[in-house]
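Notes for the one structure printed next.
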Amino acid sequence: MRPSIRVATLAVGALITAVLTAGCSPFSKAPDAAPAGPQGAAEGKAADAAVEPSETPAKTPLVAVGKSGTYTAEDSATHVKTKMQITLKDVRTVSPSEINTTSKPKGQFVILTLTVKNIGNKDGGFHPYGLMKWEDTQTAEQDASTLEKTDVGQDVDATYRPGQNVTGDVVLDVPRMGGKVNFYDGLAAASLSFELPAD
C-alpha cells in the first residue's frame, strides 16, 4: 500500500474513532435536558413554576371594637366546615373582685364581650378555652385563657346551628393592655385576631 493511501486510511479511521468516542462521552448532553432556545427556556420556567406555591396564605383578620370578622370553623372529629362570624362588642379590664374570683391574674384580667354567630349552613362550634393567645410587638405569644366567667350575657362556648348566635363574655389574663389576642380554631395560623386598646 502506498504511503499516501495508508495515511488517508489512518486519518479516516481516526476520524471514525473520534466520532464514535464523542457519541459515548460522559460530557454529552443528557436526553432529558431542556433544549436550547425559547422553547427550552419556556419549559425550564414551567418546571420552576410547578414547585412554587400556587397561592399565598390568607391574612388573619384583625377585629377592633365594634367590628366583625369571619372565619371557617372545622370540627376536629368530623372535619365538617362552616362559616362563623364574631363581633367584638367591648373590651374592658376588671379586678378579681369584679368577677367574683379569688384568683390573682399573672397580668391583667380583660373581658372581651363577643357576639358569635353561625353564618354558614352546617353546625359549628366556638370553643375559646386554650385557643386564645396574646401578643404585642415586643412580646411573643402567651396563653391568655382562663376558666373565669362573668354573670353577664350567655356562654359563648357552644355549638351553633346555622343562624344561631350568642352574646357573652370571655375572661382573659393578659400581661398588659394593647397588642392583640389571637384565636386559633385548630389551624396552624390564627383564625381571627382581636385588637386590645392600649391603657
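The values are calculated or read from the model by the stated rules, or taken from the named source; none is laboratory data. Here the structure is a predicted model, which is why all the values come from computation and not from measurement. Reconstructed Cβ throughout: ideal geometry from the backbone, glycine too, with neighbour counts over all protein chains shown. Only protein heavy atoms, including side chains, enter the accessible area calculation; ligands, DNA and RNA are left aside. Shrake-Rupley method; radii C 1.70, N 1.55, O 1.52, S 1.80 Å.
Looking for whichever is under 19 Å from the mean Cα position of the chain (by Cα) and crowded, with 16+ Cβ neighbours inside 10 Å here; the options are 172, 131. Which one fits?
131
When segment 89-126 is examined, which residues are found to be part of a loop (DSSP other than H, G, I, E, B), out of contact with any Pro (no Cβ under 6 Å at 6 or more places or on another chain), under 25 Å from residue 139 (Cα atoms) and not hydroxyl-bearing (Ser, Thr, Tyr)?
Correct list: 104, 105, 106.
Hey, residue 137 hits all of (1) closer than 17 Å to residue 178 by Cβ; (2) in a loop (DSSP other than H, G, I, E, B); (3) open to solvent by less than 40 Å² (accessible area, probe 1.4 Å) but one; which does it fall short on?
Single failed check for residue 137: (3).
Would you mind finding the one in 73, 64, 77 that is small (Gly, Ala, Ser) and without any contact (Cβ under 8 Å) to a residue 12 or more places away in the chain?
Going through 73, 64, 77 in turn, just one is small (Gly, Ala, Ser) and without any contact (Cβ under 8 Å) to a residue 12 or more places away in the chain: 77.
Would you pick out the residues in segment 167-188 that are more than 18 Å from residue 75 (Cβ to Cβ) and not charged (D, E, K, R)?
167, 168, 170, 171, 172, 174, 175, 177, 178, 179, 181, 182
Need the failing condition index for residue 112 against (1) under 22 Å from the mean Cα position of the chain (by Cα); (2) of a type in the set (A, V, I, L, M, F, W, C); (3) surrounded by 13 or more Cβ atoms within 10 Å (Cβ to Cβ), just the number.
Going through the list (1) under 22 Å from the mean Cα position of the chain (by Cα); (2) of a type in the set (A, V, I, L, M, F, W, C); (3) surrounded by 13 or more Cβ atoms within 10 Å (Cβ to Cβ), residue 112 breaks only (1).
Pairs please, first residue from segment 162-187 and closer than 16 Å to residue 140 by Cβ and in contact (Cβ under 8 Å) with a residue 40 or more places away in the chain, second anywhere and assigned to a strand (DSSP E or B) and open to solvent by 20 Å² or more (accessible area, probe 1.4 Å), Cβ atoms under 6 Å, 6+ apart in sequence or on different chains.
Listed by first residue and then by second, the contacts come to 174/108; 179/135; 180/195; 182/133.
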